[in-house]
1. Which residues, counting only those in the range 211-241, are touching a Pro at 6+ places or on another chain (Cβ under 7 Å) and under 22 Å from Ala26 (Cβ atoms)?
2. Which residues, counting only those in the range 235-245, are surrounded by fewer than 18 Cβ atoms within 10 Å (Cβ to Cβ) and assigned to a strand (DSSP E or B)?
3. Yes or no: the range 26-35 includes at least one residue that is farther than 23 Å from Glu244 by Cα and either at pLDDT 90 or above or touching a strand residue (DSSP E or B) at 6+ places or on another chain (Cβ under 9 Å) (or both).
4. All but one of (1) under 27 Å from Lys2 (Cβ atoms); (2) part of a loop (DSSP other than H, G, I, E, B); (3) out of contact with any helix residue (DSSP H, G or I) (no Cβ under 8 Å at 6 or more places or on another chain); (4) not small (Gly, Ala, Ser) hold for His54, so report the exception by its number.
5. If Phe61 satisfies every condition in (1) modelled with pLDDT under 95; (2) assigned to a helix (DSSP H, G or I); (3) crowded, with 18+ Cβ neighbours inside 10 Å; (4) not aliphatic (A, V, I, L, M) but one, which is the exception?
6. Scan the range 168-194 and report the pairs whose first residue is surrounded by 13 or more Cβ atoms within 10 Å (Cβ to Cβ) and whose second residue is among the aromatic types (Phe, Trp, Tyr) and modelled with pLDDT of 95 or more, with Cβ atoms within less than 6 Å and a gap of 6+ or a chain change.
7. Keeping to the range 195-223, report how many residues are buried (at least 21 other Cβ atoms within 10 Å of the Cβ) and within 13 Å of Arg113 (Cα to Cα).
Amino acid sequence: MKTIVLSDVHLVADEAGRERMGRFVAFLRQIDTEDVGRIIILGDLFDFWFEYKHVIFSGYFDVLRAFADLGDKGVRFDFVCGNHDFWAGRFLRDHLGFAVHPDRLETDMADKRVLFIHGDGINERDVSYRVYKRVVRAKPVVWLFSLLHPDWAMAIARRVSNTNQRVLNPPVAADGPEVSPLKEFAQAVLARGEADVVMSGHSHYPLCEECPGPTGTGLYINTGDWLWHQSYVECDGEGFQLREFKEASEEVPGSETQPPVKEPEHEP
């Protein structure tokens, strides 16, 4: 059975995000559950997510229903929290069957040791965000935020997030501030032999590069995003492929974002 890995969909529960929501739901609906048995999400599935005791955000209904339908057909879900949905927890776990991982997931795949992360907080130069991450995950802060009316919470999140503006003014992703720090982090992990494959999101730039390791060649993969690339990774048990989603009317031959990636080779 195949595994799909994706990140940085940044679903926005308003009119501005309707098209992206529709494309992502179409992607989920076309997944063949006889062929795909697991989906790993490396954070920022939602542009904002907070779990109240008795409330979920109605704007996410279509995508939550699509995940529920996949789960009913036996698909397993792993969710590594990102910087936009680090408050994920009880609802996704109890109602959709997500295994929620606050920071990282380490597992074997295609006979390789794979480290999955979102990637936020890796950039040591971004001191303000590293402090912010510690503060907003603190239990007293979470409790205080839970006292806000859900409509107010969503309004605040929309003002703080710049996702809609980023869609209108896309950066040159290869020069993005998170691309190099994430690559350097992966290179260091692979060089120390702590994993055979490092896979992350966060930089919004799909990338696949071989890196040297103590026993052979490792692999760094960034899953990209759904703001501009609609990219994801597919693992068929033998290797990894970086792909781009095309709806049926858009499909053309050779639609992968990069050629198939062979699994890392190890020296005997």
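The values are calculated or read from the model by the stated rules, or taken from the named source; none is laboratory data. Treat the numbers as computed from the prediction; the structure is a model and nothing was measured. Neighbour counts run over all protein chains shown; Cβ positions are idealised from the backbone, glycine included.
1. Thr223, Gly224, Trp228, His229, Ser231, Gln241
2. Result: Glu244, single match.
3. Scanning the range 26-35 turns up no residue that is farther than 23 Å from Glu244 by Cα and either at pLDDT 90 or above or touching a strand residue (DSSP E or B) at 6+ places or on another chain (Cβ under 9 Å) (or both).
4. With (1) under 27 Å from Lys2 (Cβ atoms); (2) part of a loop (DSSP other than H, G, I, E, B); (3) out of contact with any helix residue (DSSP H, G or I) (no Cβ under 8 Å at 6 or more places or on another chain); (4) not small (Gly, Ala, Ser) applied to His54, the lone miss is (1).
5. Unmet condition: (3).
6. Matching pairs, first to second residue: Ala186/Tyr220.
7. Total satisfying the criteria: 8.
Yes or no, residue by residue, for (1) over 30 Å from Gly193 (Cα atoms); (2) assigned to a loop (DSSP other than H, G, I, E, B); (3) of a type in the set (Asp, Glu):
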{"site": "Asp8", "(1), (2), (3)": "no, yes, yes"}
{"site": "Arg18", "(1), (2), (3)": "yes, no, no"}
{"site": "Gly22", "(1), (2), (3)": "yes, no, no"}
{"site": "Ala26", "(1), (2), (3)": "yes, no, no"}
{"site": "Ile40", "(1), (2), (3)": "no, no, no"}
{"site": "Trp49", "(1), (2), (3)": "yes, yes, no"}
{"site": "Gly82", "(1), (2), (3)": "no, yes, no"}
{"site": "Phe91", "(1), (2), (3)": "yes, no, no"}
{"site": "His95", "(1), (2), (3)": "yes, no, no"}
